[in-house]
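Have a look at the structure below before the remarks.
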Amino acid sequence: MLLIVIIKSFPVLSAKEHKEYEKLHRLLLKNYDKFIEEYSNERDKLEKDFITESKKLNYDSKEELYEFSLNWFKRSTLFLY
C-alpha cells in the first residue's frame, strides 16, 4: 500500500521539466562537496526527528503506521525542494 502512495506522490515530468531536472542534477553533482555540506545538516535533523517520533508509535495500529509513513514521506519530499 505504501508503494502505491509513493508512486502516486511523484508527478510525471514533461520533456521540458525533465531537461530542467537534469540541469539541476548535474549542477548538484558538479558542486557535490558544497551541496552535501549544506544538505547534511538538514538531513540529519530530519532523520533525528523521524527517529524520535517513531518511538511514540503504536505499532499495533496499521492506520497509525500508514499515516505516520505517509506524513514522513511528504516531509522528506518537501525537504528536497
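The values are calculated or read from the model by the stated rules, or taken from the named source; none is laboratory data. Keep in mind it's a predicted model, so treat the numbers as computed, not measured. Note: ideal-geometry Cβ built from the backbone for every residue, glycine included; neighbour counts use all protein chains shown.
Brief remarks on what is shown
- Selection of first residues in the range 46-60 that are farther than 18 Å from LYS74 by Cβ and of second residues that are not charged (D, E, K, R), restricted to Cβ pairs under 9 Å at least 6 apart or on distinct chains, gives the following pairs, ordered by first then second residue: ASN58/LEU65; TYR59/LEU65.
- Count of residues meeting criterion [over 13 Å from the mean Cα position of the chain (by Cα) and not in a loop (DSSP other than H, G, I, E, B)] in the range 56-81: 7
- Wholly within the range 1-55, helices (runs of 4 or more DSSP H) carrying at least 1 residues that are modelled with pLDDT of 80 or more: 15-30, 32-54
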